[in-house]
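See structure below.
Every number here is computed from the coordinates shown, using simple stated rules; none is lab data. None of these values were measured; they are calculated from a predicted model. Note that each Cβ is placed from the backbone with ideal geometry, even for glycine, and that neighbours are counted across all protein chains shown.
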Amino acid sequence: MKIFRPLWRDGAFLVPQQFQQQARWDAHVADTVSRMALAHPWGVLRAEFDASALTLSRLNATRLIVRFADGTLIDTELADILPPVRDVSDVMQDSVEVLLALPLLSASGGNLDDGQESARPRRWRAEQVTVQELAGHERSEL
């Protein structure tokens, strides 16, 4: 999927696609730079689980920092929501293999979970949050 870098100029009419394309470009640059230093710049950087929940046959992640092969970074400490607690009683053994995955990004759109039934899993889910403006005193909902 080609990236169309937006031209940021005074008085430009802003649409979500400009920010999406800028974010994709920034991610591409970061990925390109990281590949200069590492052959495979992805993997699990940190994964922490609640040991007491495991005694109850529940897998409860308390912290995840993971970079997927497509460059997607998941950091539950800084930005992302932890996955739901999973019941592992039907597979509980001495060890359990845990797989982390994301739905594929569709180039034709429809990647946002809007609460409607879908034939495939969606990549993103919207959440309204109030964010402090860093240079001033205003708070806005995003």
For this session: Relative to the longest principal axis of the C-alpha atoms of the chain, give the angle of the C-alpha long axis of helix 16-37, reported between 0 and 90° and rounded to the nearest 10°.
Result: 60 degrees
Problem set entry | Sparsely packed trypsin sites (Lys or Arg not before Pro) within segment 1-96, loop by DSSP, other Cβ within 10 Å at most 11 | Lys2, Arg9
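In debye, nearest 20: dipole of segment 41-101 around its Cα centre with unit charges on the Cβ of K, R (+) and D, E (-)? Can you show the working numbers first?
Details: 5 positive and 10 negative charges, 18 e Å.
About 80 debye.
Might you report the magnitude of the Cβ-based charge dipole of segment 47-142 about its Cα centre, with Lys and Arg at +1 and Asp and Glu at -1, to the nearest 20 debye? All intermediate terms of the calculation are to be shown ahead of the outcome.
Working: 9 positive and 17 negative charges, 38 e Å.
Magnitude of the dipole: close to 180 debye.
When Lys and Arg each count +1 and Asp and Glu each count -1, what net charge do the other residues less than 11 Å away from Asp31, Cβ to Cβ, add up to?
Working: positive: Arg24, Arg35, Arg67; negative: Asp26, Asp70.
Value of the local net charge: +1.
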Exercise. Build a GNM of the chain with springs between Cα atoms under 10 Å: which of Gln132, Gln20, Gln93 gets the top mean-square fluctuation?
Worked result: Gln132
Problem set entry | MRE, 222 nm, helices only [DSSP H, n ≥ 4, -39500 (n - 2.57), over the chain, to nearest 500] | -6000 deg cm²/dmol
Problem set entry | Equivalent ellipsoid semi-axes - Cα gyration tensor, segment 41-101, angstrom | 23, 13, 9
